[in-house]
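Let me begin by presenting the structure, written as structure tokens, before commenting on it.
The values are calculated or read from the model by the stated rules, or taken from the named source; none is laboratory data. Given the structure is predicted, the values throughout are model-derived calculations rather than measurements. Quick reminder, even Gly has a Cβ in these numbers, built from the backbone with ideal geometry, and neighbours come from all protein chains shown.
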Amino acid sequence: MSTRRIVPMETTAEQQDVSRLLKQYGCGPIQFAGTDGLYDRHLLFDNVKDLDTVGVRQQYEAFARSVRDVLSQRWLLTEKTYERENPKRVYYLSMEFLLGRSLANNVMNLGLDPLVSQAAKQNKVDLLSLLEQEPDAGLGNGGLGRLAACFLDSLATLQLPAMGYGLQYEYGMFKQSIEDGWQHEQGDNWLRHPDPWEVIRPGEAVEVKLNCSFRLHGGTFQLVRGQASTLLGIPHDRPVVAYGGNTVNTLRLWSASASNYFDFQEFSSGAFAEALADTLAAESLTRVLYPDDSTSEGQVLRFLQEYFLVACSLADLVRRFRRANTEWVTFADKVAIQLNDTHPAMSVPELMRILLDEAHLGWDQAWDLTQRALAYTNHTLLPEALEKWPLDWFEAIIPRNLEIIFEINRRFHLDVQGRIPGDRQYFERVSLIEEGGQRKIRMANLAIVGSHSTNGVAGIHSELLRTTTVRELAELFPERFNNKTNGVTPRRWLLLANPALAHVITEAIGNTWIRDLDQLKRLKPLAEDKGFRDSFQEAKRKAKSQFADWLKTQSGQVVDPDSIFDSQVKRIHEYKRQLLNALRVVLLYNRLREKPDIEMEPRTFFFAGKAAPAYQLAKLIIKFINNLAGTIDGDPIVRGRLKVLFLTDYCVSLAERLIPASDVSNQISTAGYEASGTSNMKFMMNGALTIGTRDGATIEMAEEAGEDNFFLFGLTADQVASNRAWYSPYWHYEHEPETRAALDLIFSDYFSRNEPHVFEPLRDVLLTHGDFYMHLADLKPYLEADRRMMDLYARPDDWVRKTILNVAGSGKFSSDRTIREYASEIWNAKPCPVE
Ligand code: 26W
């Protein structure tokens, strides 16, 4: 059984003063545990459960409800403070919030660890298995959704008056299982059990008016044009607890329901099915998260989800603004709205609609307020991921918004004509409307034109955005373009996920790093301290064996904690090049098969990640990794030396276990394609060394730690772009014997003896169709970097030195730094402390 500590060791004297703590939370002498404590009462009153027969799930619910009770006073007080102070508020609009679990995080942030441990002991509750009862809130696909969750943590911790707005999907990111090596998907019914964190507020529901209705027909969702309808958005609020527990902000998730719950007339006349049909159709709107993080294909339901998020959130924040302010002119001084990618970009016409039709402002004033309130973050350069919605859908569903888009575009056209006279094609390239067969609205252009700020998420990404993807728009509005390099919260990703390392760090430099991650640079001189190096190494060793233990109990798989843990965890995508990593393993395997006596440190290669259900090639890559793992496992020559594992169902709580245990982090995207990456930062903070390409934020990480402490390789973004015209993967196949041997082995069905030709599509991608993501160009340099890395590993002292220097250089990648930059450079928002 794992001995992993969930609650951190850093309990200060202040935290241990339990009664003072409870007073701080406004709880007076209320007891958490014991007779008549919060926990017992929740068991009794919420679940009507006898304390002796209660199951572990109910224990979890009662514990979580007790923690919520403790924070509820602060939650109320936070909102009251904001109402009284009337500061400028920040609204983060996102289709995704990949929250993961909340209980251990909230306990940590509230400083309740001693209290909870005490309560667990008194009630004979096994805390670790209790924590396992909480399902991950998987309301996101990957990086963009997890970033939103890290941002919420930093916004609260920096005491910013902020709120997240998203959708309450009934089904989050699908669960992944593997059968015969292939990915299968199951619905993620995360709300099967009551969720102790959510507070549903039907009293604050908002209406969303559409110019169509819809019905479910044979399982599909159909629009009924011309028949106007109204939906209800019901708020589901979740507390966002600051580190230290002072501020408790709100994440408000909307669920859709029919406005007239169901038609009683029809119901009483016996037409049960019809009476319920509207309700069902309406509720299907927020039923499920779209699991595709790379293409915005024509799904009208996704379009409706986006509008629904925008309409509910803007109605809600405008209502809040109106309660505290009389003058519309102050709107943009009181409200900052950040659009997380273009998914909520309909905010531009929707806010205009409110200001024109409901506030009755003139166009110029409405436009000024809209632009000043809105700001847009871009997260991807992949052309297939840039959203474009059929104009026809706007017309059928929200015609008034379309009318406003036309008017924005007409004025924009005049502006462009004035500035660049006579160039018709220039305007066609920046226009909000794509002409041609089916006319479409370009959501990125809409977001850029309708806001005052457009940012990318790492230096290189912001640069490429400005100079290539939307070059003409950046020429027209240069002052709007800026960079905000991503960050991650050190509370969840270091303090909570890696208590052993957190403890070592705190012992050395005190605990101020938890709020001010730049403090980690004080570890730099300690790289030369033998004692410190030993405890650092000890912490890594501990995380590795805990992971190995957990894996064994959980899945029966056995890994050797004395081997090098080499990880790549992220969505499966061609551009992220899990295939390149797998080719590296095949090459190493070939070396061992050829010369079984060569020296090679034992290595375990971990892969984890989900493929979009319709992305066939990504699914084939998963299959390949699994077959590779199977073949290697069955080969006595490499037993104990090489091992490959594909960990199923990658999610936040799996990342929290694997990342602290990893020695090597693979960040190997084709340069110019990964906007930022954020797992790269989590690995760095947890003392892994990075082997990677010069892409996304990895470039800045190497700058911070020093390139000597990184293993960079491969084509740069410039080289990728300029080599495209003449790049030939065949050249590498013909001139590099090891590359050729690896590919020949794959295509000889060595890894697919019972499934001949199953990997032929890999040949197509890598050779026949030109290897768009340039795997073969980077394969040899990858192995050279790998060799350098292994040489270092053979000198353990030098290895640990470099891992320390990496941790010491990771301070920049706290989401606190990122959020401070957003607050001062984009939002002009100030902290609003509670009490
Ligand atoms: C249209 C469907 C769709 C859904 C989500 C398209 C694209 C997305 C996201 C933009 C995908 C995403 O998560 N992008 C990642 O965002 C992270 C946070 O900024 C970056 O660190 C990653 O590099 C980027 O791939």
Exercise. In the set His379, His360, which member is free of Cβ contacts under 8 Å to residues at least 24 places away in the same chain and assigned to a loop (DSSP other than H, G, I, E, B)?
Worked result: His360
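Take residues that are over 28 Å from Pro602 (Cα atoms), at pLDDT 95 or above and within 16 Å of the ligand (Cβ to nearest atom) and tell me which of the helices (runs of 4 or more DSSP H) falling wholly in segment 646-716 contain 2 or more.
Answer list for segment 646-716: 698-705.
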Exercise. So is Leu314 within 15 Å of the ligand (Cβ to nearest atom), at pLDDT 95 or above, more than 23 Å from Pro613 (Cα to Cα) and assigned to a helix (DSSP H, G or I) or not?
Worked result: no
For this session: Report yes if Arg584 is basic (Lys, Arg) and either more than 16 Å from the ligand (Cβ to nearest atom) or touching a Gly at 6+ places or on another chain (Cβ under 9 Å) (or both), otherwise no.
Result: yes
Seminar exercise, completed: Going through segment 546-592 in order, the residues found to be buried (at least 21 other Cβ atoms within 10 Å of the Cβ), more than 15 Å from Arg787 (Cα to Cα) and of a type in the set (Asp, Glu) are Glu574
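Quick grid of which residues meet (1) on the phi < 0 side of the Ramachandran plot; (2) assigned to a helix (DSSP H, G or I):
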residue	(1), (2)
Tyr730	yes, yes
Leu743	yes, yes
Asp749	no, no
His757	no, no
Glu825	yes, yes
Pro833	yes, no
For this session: Considering only segment 620-640, state which residues are surrounded by 20 or more Cβ atoms within 10 Å (Cβ to Cβ) and in contact with a strand residue (DSSP E or B) (Cβ under 8 Å, 6 or more places away or on another chain).
Result: Ile622, Lys623, Ile625, Asn626, Leu628, Ala629, Ile632
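In the list Asn486, Asn482, Asn455, which residue meets the criterion of being closer than 30 Å to Leu103 by Cα, outside any helix (DSSP H, G or I), within 15 Å of the ligand (Cβ to nearest atom) and touching a Ser or Thr at 6+ places or on another chain (Cβ under 8 Å)?
Details: Asn482 fails: closer than 30 Å to Leu103 by Cα; Asn455 fails: closer than 30 Å to Leu103 by Cα.
Within the list Asn486, Asn482, Asn455, the selection yields Asn486.
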Exercise. Here are some conditions: (1) in a loop (DSSP other than H, G, I, E, B); (2) touching a residue at least 12 places away in the same chain (Cβ under 8 Å); (3) away from the ligand (no atom under 16 Å from the Cβ); (4) of a type in the set (S, T, N, Q). Thr370 meets all but one. Which one does it not meet?
Worked result: (1)
For this session: Among the residues of segment 177-219, write down those that are among the small types (Gly, Ala, Ser) and in contact with a strand residue (DSSP E or B) (Cβ under 6 Å, 6 or more places away or on another chain).
Result: Ser177, Gly187, Ala205, Ser213
Problem set entry | Selection status of Asp797, under 30 Å from Phe536 (Cα atoms), exposed (fewer than 14 other Cβ atoms within 10 Å of the Cβ), touching a Lys or Arg at 6+ places or on another chain (Cβ under 7 Å) and modelled with pLDDT of 95 or more | yes
Seminar exercise, completed: Of the candidates Leu155, Leu147, Leu167, the one satisfying the condition of being within 30 Å of Ser257 (Cβ to Cβ) and touching a Phe, Trp or Tyr at 6+ places or on another chain (Cβ under 7 Å) is Leu167
For this session: With respect to Glu306, determine if the residue is more than 24 Å from Pro831 (Cβ to Cβ), part of a helix (DSSP H, G or I) and within 16 Å of the ligand (Cβ to nearest atom).
Result: yes
For this session: Scan segment 386-406 and report the pairs whose first residue is farther than 23 Å from Asp292 by Cβ and whose second residue is within 16 Å of the ligand (Cβ to nearest atom) and assigned to a strand (DSSP E or B), with Cβ atoms within less than 7 Å and a gap of 6+ or a chain change.
Result: Ile405/Ile441
Exercise. Looking only at segment 418-452, which residues are assigned to a loop (DSSP other than H, G, I, E, B) and not aliphatic (A, V, I, L, M)?
Worked result: Pro421, Gly422, Asp423, Ser431, Glu435, Gly436, Gly437, Gln438, Arg439, Gly450, Ser451, His452
Exercise. What pairs come up if the first residue lies in segment 812-834 and is closer than 12 Å to Leu517 by Cα, the second is surrounded by 21 or more Cβ atoms within 10 Å (Cβ to Cβ) and among the hydroxyl-bearing types (Ser, Thr, Tyr), and their beta carbons are under 6 Å apart, counting only those six or more places apart or on different chains?
Worked result: Ser815/Ser154; Ser815/Thr489; Asp816/Ser154
Seminar exercise, completed: Here the qualifying pairs (Cβ atoms under 7 Å; residues six or more apart or on different chains; first in segment 133-158 and farther than 26 Å from Asp516 by Cα; second basic (Lys, Arg) and more than 9 Å from the ligand (Cβ to nearest atom)) come out as Gln133/Arg57; Glu134/Arg101; Asp136/Arg101
Problem set entry | Qualifying positions in segment 280-303 - of a type in the set (S, T, N, Q), in a helix (DSSP H, G or I) and within 13 Å of the ligand (Cβ to nearest atom) | none
Exercise. Looking at segment 80-182, what strands (runs of 3 or more DSSP E) fall wholly within it and have at least 1 residues that are buried (at least 21 other Cβ atoms within 10 Å of the Cβ) and within 16 Å of the ligand (Cβ to nearest atom)?
Worked result: 89-93, 97-100, 137-139, 162-167
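Out of Leu381, Leu386, Leu391, I need the residue that is over 27 Å from Leu253 (Cβ atoms) and within 16 Å of the ligand (Cβ to nearest atom). Which one?
None of the others qualify; the one that does is Leu381.
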